[in-house]
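**Q** Please find one structure pasted underneath; my questions will follow.
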Amino acid sequence: MSLEYKAAFLPFEIKEAVSTDGGGWEVAGYASTFLGDPDAYGDIVAPGAFAESVASRKTKFLYEHKEPIGYQIELREDLKGLFGRWAIVDTAQGTDAYKLIKAGVLDSLSIGYIAEEAETRDDGVRVLKKCLVLEVSGVAVPANASAVITDVKADLEQRAVWSSSYVSSLPDSSFALVLPGGSRDSEGKTTPRSLRKLPHHAADGSLDAAHIRNGLSRAPQMTGVSDAQRSRAVSHLEKHLAALNKAAEHEAPDPVLNVRMELLTRTLARHGIDLGAAS
């Protein structure tokens, strides 16, 4: 049995939470997902594959499977996959990694693991049935290119900062999901307000990018909603995000984006990928 690496199929988010020992930041998200389509390595993971490992040992949090930058706060299996929370320690390397995450360069999670039990199906897909998870890493080049961060909660400009009173004053049309079972007040707004989920339109009807991304990161953890309701809400938010991204393509170049591209170019170069040659 040998050490292998696998990138997650779902995004993770950075939470502004300087409450770890010695100061630092918290990373939360899915490090692996169950079943579904085979990943770039031709593998799928069976539910329960991580149960024994999670119960017996804690993971470290690394930068690109190399430098240790933090430790595990929580790790558990749920119906979707392997969900965890890790603290990034405020060291020189940890701070650098945190800045890269904020810049969108390290935008995926990946696990370092040993496949202890697996079988290969007739179609060639390997089913991982028991894995020993040794570490989780923030990485720039995942096995699945669509695994990206949906929300970075660190810079005030990028955070969802609406107050509870402001959200309460918004019309129902500002929310991605309004659950049934309530009533309408004199202003036509659903009560109780808790039935309204994932606000993303401001009072003037404009889209708020931070709340769209925040909604996409919160949707998987919503309770009291059906899979169909969750799916509709996510689809609604994804359409808005796609529209905003398309509009951004026509805007003037952003100097911050240039810095992010430079960081990405350097990271890819360490993996032997030359963006200049690819173009």
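Every number in this text was worked out from the coordinates using simple rules, so none of it is lab data. None of these values were measured; they are calculated from a predicted model. Here the Cβ is made from the backbone with ideal geometry for all residues, glycine too, and neighbour counts use every protein chain on show.
**Q** For a protection proxy built on the mean count of beta-carbon atoms within 10 angstrom, sort 42-51, 237-246 highest first, please.
**A** 42-51, 237-246
**Q** Beta carbons within 10 angstrom, averaged per residue: use that to sort the peptides 223-233, 201-211, highest first. Before the final figure, lay out each step's value.
**A** Numbers: 223-233: 12.4, 201-211: 14.6.
Descending mean neighbour count gives 201-211, 223-233.
**Q** Follow-up question, since we're still on this one. What do you get for GluC sites (Glu not before Pro) in the range 23-101 restricted to DSSP loop and a cutoff of at most 13 other Cβ within 10 Å of the site's Cβ?
**A** Values: sites: Glu26, Glu52, Glu64, Glu74, Glu77; in loops: Glu64.
Passing sites in the range 23-101 do not exist.
**Q** Quick one: order Trp86, Trp25, Trp162 by neighbouring beta-carbon count within 10 Å, fewest to most. Walk me through the intermediate numbers first.
**A** Details: Trp86 31, Trp25 26, Trp162 20.
Fewest-to-most Cβ neighbours within 10 Å comes out as Trp162, Trp25, Trp86.
**Q** Which ³J(HN,Hα) values in Hz, rounded to whole numbers, follow from the phi angles of the range 32-38 under the Karplus curve 6.51 cos²θ - 1.76 cosθ + 1.60, where θ = phi - 60° and Gly and Pro get x?
**A** Along the range 32-38, the couplings run 7, 10, 8, 6, x, 6, x Hz.
**Q** Something else now. What share of all Cα pairs of the range 160-248, in percent, falls into each consecutive 5 Å distance bin?
**A** For the range 160-248, the binned pair fractions read 2, 14, 26, 25, 19, 10, 3, 1 percent.
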